Structure formats: C-alpha cells, structure tokens
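Notes for the one structure printed next.
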Amino acid sequence: MIWCPLLAYDIIAGEMNRPTVFKDEAKLFPDHVPANLVHRDPQLKSLSRVFRVMIESPGSVAQKATLVGDVGVGKTAVAKRFGSTLESLARDRGISLRYIHVNCYKDRTLFLVIKKVAQQVMPSIPDRGFSAQELFQTLWKILEDENMYLLLALDEIDFLISVAGEKDAPLYFLSRVADEYLNRPQRLSLILITRNLDFLSGLDKSVQSTLLHNVIKFERYGADQLHDIIKLRGQDAIREGALSDEVLSMISDISAPRGDARYALELLWRAGKYADAESNTRVLPEHVRKAQLDVSQFPMHIIMDLPLHERLFLLSVAKVLKKSRSAYVTMGEVESTYRVLCENRGIEPRKHTQFWEYLQNLKNLGIMYAKLSGAGYRGKTTLIGLLNISIEAVEEALSKDGK
Ligand SMILES: Nc1ncnc2c1ncn2[C@@H]1O[C@H](COP(=O)(O)OP(=O)(O)OP(=O)(O)O)[C@@H](O)[C@H]1O
Ligand SMILES: [Mg+2]
C-alpha cells in the first residue's frame, strides 16, 4: 500500500471541524469579567455606597476602599465590573471619570504604577527623566485641565514596594497626595485589593486608619454558590445539553474546600477540553476527574514570569530541599546555594536583606511558607518550605534559567 501523508491543511481543517462542547470558551477564561457576578451583591452595594459621591458631588472627597479575601473569590472581577459601571454612570451625567486597574504584581513601584496610569490617561506623556512625584504632577495637571476624575484600583497591593530614592512610601504618597492640593477638587480615589491586611503593618498610622475605614470582605464561596457561578458562566461558554447538573455539582463539590471560583472555572474548561479530545458531545464526570489532575498543578507560567533573582531564590530553596530530603531548609543554606547559582551564571548576587522581600512575594503566591525554628536548632532561624508545588516542577521550570 502506498503511504500517502495527509496535507497539513487537511489535518488542521479536520481538527477545526471536529465537534466541540464549547460555543465560546473565552467566557470561561480567568480574565473574562462577566456582567453577572452572582453572590457578590453585598460587595457591589458596599462599593456603590463608598463611591457614589464621585458622581453625586465630584471632587468633594477622595474616597478609599480596601477589598480583602482569599484566592479566586471575585475581588478583581468585582472591582473591574464596578469600575466600568461607575464610568458609564458618570458618562450619563456628563462627568469625565476613568477607572484604571493596575496589577502591582506587574508594576511594583510607585513610578511604574503612575506610569501605567499616565499612559492610559494620556498616551503621549513622556515618562523618561521624571521622578514618580514629577510624573504625578504632570498627570494631575492633565486631570485638572480636562476636568477628569480617577478611580484607581491597585490589585495585589502586597507586591507594591518602596524603592531607594523615593521620598514617600507608595501608599503614603497615593493616599495623602490630595493634601498637597487642598481646596482644589479631589481627583484621585482608590480601591486597594489584597488577600490579607498584612501589607498595612509597615505603614504610617494615619495611612493605616484611612485604608481601614472602608474594608470590604469577600468570603470564600460555598458549594452552592460555586454551583450557581459555573452554571451561569457555563451557559455562556458551553453548548446547550453538553453540561449536566451532575457535572456541575461534581465540580462545585471538588472546588468547595478552596472556595475558589477560578479553580472551579478552570476545571470546567479543562473538562470540556477532555470531552472535545474524545469527540464527545457531553462533558462527563470522567472528564472532570482528568481535569482535576491537571488543575492541581501550580500554573508554571507564573513562576517563569518572576524577576530573575526571585526565580534564583526559589530554585535555591528547591535545590537545598532536594539535597536535605527534609520539609524545611534554613535561610542560611538557601543563601549559600543562591550565591553559587549566581556565580555559575556570572551575575552579581543581591544582598541578604532582599531575601525577605523575595520570601514575602513567594509566600503571597502561595508556594512558599516560612516559620521560626524551634527545638533542634541553635538560636532562632527562619525555616522555609515549598507549598503547592514539587521540587521537580521548580527545577524543570528554572534550571536552564540563565536569563
Ligand atoms: N460571583 C462570580 N460570578 C461569576 N464569576 C466569578 C464570580 N466570582 C469570581 N468569578 C470568576 O472567578 C475567577 C476568579 O475571580 P477573581 O479573579 O476576581 O478572583 P480574586 O479574588 O481576584 O483572586 P486572586 O486573589 O487570586 O487574584 C474570575 O474568572 C472571575 O470572573
Ligand atoms: Mg485578583
């Protein structure tokens, strides 16, 4: 028999024409902000009460609210939905109000945050050669000239850090900036978003009390709530008849101990992918089981996107843990391995003091934990362990890391 290879075109076209359970899978993606955020009415109402003054009497006061809750409980989605709704309500009243959402995991300093805001308000603002404060003044002038108001959401606020040379800590600056423009309209209101209130501990007392004034809590979702969430999102994303109530219940039961909607949505999406791979027109419980095995892995792209020295710090922890075969390692052990890794790559190691910051960031990501040593150690030392991720996975992702 003559072997006749299929043309790439036929392979691709064949795949594209296979039946699928999805009608619009993007509706399940984590950054999609649905119009309907079920079980978050209390939070949406609280936000409305805090910020209604921005459209009722613009400029009269700079409002602040802090959103707190665990992973995947809807903080980001609620803030974004609220922001875009407030923008359109303001537009209806002829008020120029912009909602800007900045993720501090990506933009970690005051300068980078202000730059992000400036770029959105006025793409032509030059940002080189300016200090954060100077750039802010330019921005403020534009806001005044255009009679514009800003609601700025700072997401994952724990990652915002102070850098040498900046006069004020970022949150001090942003929450007190209006003091400089007393008797002029207040143009900047803030929403801060965090998993816990630890970030407040190092801050000035007056800033702390301002930020604690309007704390809006997000509880973890229960099984029934998760069921409603994935049912609604599933209706937009998955073809009618492909999703049974049994599968929805299974996914919400599996996700309930975490209370995390992102996890539940990812399970649903992956289960749909398994159904497609088998050309099945329905999502079955076995697809959910397979999906669960995949989703339990920590998303590795997050690790690969970390700054270089944080990656090397994480890799050092993994290497020392592997060698010691224990659950914890000491900061001292990690530091010496880190130095060797830097030397091998011909890069200058960072100072000891930086490690606390790396540790904090990796703790915030939920992949590292730390505790003080007890019996069996000389003196008090910090012990570090890995969570939600294996040594092997870290090594695989980062070992070739020479960037
Ligand atoms: N009530 C809800 N209805 C529909 N979708 C929701 C709801 N709550 C959360 N989601 C969805 O779940 C996912 C996770 O929500 P979100 O990103 O807002 O979580 P988060 O609290 O910001 O978590 P993290 O602390 O990890 O950033 C998103 O896709 C979001 O759209
Ligand atoms: Mg979020």
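The values are calculated or read from the model by the stated rules, or taken from the named source; none is laboratory data. Everything numeric in this text was worked out from a predicted model, so none of it was measured. Here the Cβ is made from the backbone with ideal geometry for all residues, glycine too, and neighbour counts use every protein chain on show. For the accessible areas, the whole protein counts, side chains as well, though only heavy atoms, and no ligand, DNA or RNA atoms are used. Shrake-Rupley method; radii C 1.70, N 1.55, O 1.52, S 1.80 Å.
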Residues located in region 68-87, provided they are of a type outside the set (Gly, Ala, Ser), open to solvent by less than 20 Å² (accessible area, probe 1.4 Å) and within 26 Å of GLU146 (Cα to Cα): PHE82, LEU86
Among the residues in region 176-191, are any within 16 Å of ligand 2 (Cβ to nearest atom) and of a type in the set (S, T, N, Q)? no
For the list (1) open to solvent by less than 20 Å² (accessible area, probe 1.4 Å); (2) within 15 Å of ligand 2 (Cβ to nearest atom), I need the number of the one condition that MET54 fails. (2)
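Yes or no, residue by residue, for (1) farther than 19 Å from ASP260 by Cα; (2) modelled with pLDDT of 95 or more; (3) assigned to a strand (DSSP E or B); (4) in contact with a strand residue (DSSP E or B) (Cβ under 8 Å, 6 or more places away or on another chain):
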position: ASP198; (1), (2), (3), (4): yes, no, no, no
position: GLN208; (1), (2), (3), (4): yes, no, no, no
position: LYS217; (1), (2), (3), (4): no, yes, yes, yes
position: ARG233; (1), (2), (3), (4): no, yes, no, no
If you go through region 220-235, how many residues are in contact (Cβ under 8 Å) with a residue 40 or more places away in the chain, out of contact with any His (no Cβ under 9 Å at 6 or more places or on another chain) and among the charged types (D, E, K, R)? 1
Anything in region 257-280 that is outside any helix (DSSP H, G or I) and within 20 Å of PRO34 (Cβ to Cβ)? List them, or say none. ARG258, GLY259, ASP260
Long-range neighbours under 7 Å by Cβ, at least six apart or interchain, first residue free of Cβ contacts under 8 Å to residues at least 24 places away in the same chain and more than 14 Å from PHE29 (Cα to Cα) within region 257-285, second more than 16 Å from ligand 2 (Cβ to nearest atom) and open to solvent by 50 Å² or more (accessible area, probe 1.4 Å): TYR274/LYS290
Applying the selection to region 12-35, what residues are without any contact (Cβ under 8 Å) to a residue 40 or more places away in the chain, of a type in the set (Asp, Glu) and under 13 Å from ASP276 (Cα atoms)? GLU15
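Among ALA90, ALA65, which is the only one that is of a type in the set (Gly, Ala, Ser), crowded, with 18+ Cβ neighbours inside 10 Å and within 16 Å of ligand 2 (Cβ to nearest atom)? Reasoning before the result, please.
On the way: ALA90 fails: within 16 Å of ligand 2 (Cβ to nearest atom).
Of the residues listed, the single one that is of a type in the set (Gly, Ala, Ser), crowded, with 18+ Cβ neighbours inside 10 Å and within 16 Å of ligand 2 (Cβ to nearest atom) is ALA65.
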Residue in region 20-29 that is near ligand 1 (Cβ under 10 Å from one of its atoms), modelled with pLDDT under 95 and either open to solvent by 60 Å² or more (accessible area, probe 1.4 Å) or not aromatic (Phe, Trp, Tyr) (or both) present: yes
How many residues does region 50-76 hold that are free of Cβ contacts under 8 Å to residues at least 12 places away in the same chain and within 15 Å of ligand 1 (Cβ to nearest atom)? 0
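Each row is one residue, and each column tells you yes or no for (1) at positive phi; (2) open to solvent by 60 Å² or more (accessible area, probe 1.4 Å); (3) more than 23 Å from the chain's Cα centre (by Cα).
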residue	(1), (2), (3)
LEU211	no, no, no
ASN214	no, no, no
GLU219	no, yes, no
LEU226	no, no, no
ILE230	no, no, no
GLU240	no, yes, yes
ASP245	no, yes, yes
ASP253	no, yes, yes
Failed criterion for PRO126 (all others in (1) surrounded by fewer than 18 Cβ atoms within 10 Å (Cβ to Cβ); (2) within 20 Å of TYR181 (Cβ to Cβ) hold): (2)
Hey, among LEU151, LEU139, LEU135, LEU143, which residue is open to solvent by less than 20 Å² (accessible area, probe 1.4 Å), part of a strand (DSSP E or B) and more than 16 Å from ligand 2 (Cβ to nearest atom)? LEU151
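Could you grab me the full set of residues in region 181-190 that are modelled with pLDDT of 90 or more and either within 12 Å of ligand 1 (Cβ to nearest atom) or part of a loop (DSSP other than H, G, I, E, B) (or both)? Don't jump to the end; show me each part of the working.
Taking region 181-190 and keeping what is modelled with pLDDT of 90 or more, we get 185-190.
Selection gives PRO185, GLN186, ARG187.
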Checked region 31-43 for anything more than 16 Å from ligand 2 (Cβ to nearest atom) and in a helix (DSSP H, G or I); matches are ASP41, PRO42
Region 122-146, residues that are of a type outside the set (S, T, N, Q) and either in contact (Cβ under 8 Å) with a residue 60 or more places away in the chain or within 18 Å of PRO185 (Cα to Cα) (or both): PHE136, LEU139, TRP140, LYS141, ILE142, LEU143, GLU144, ASP145, GLU146
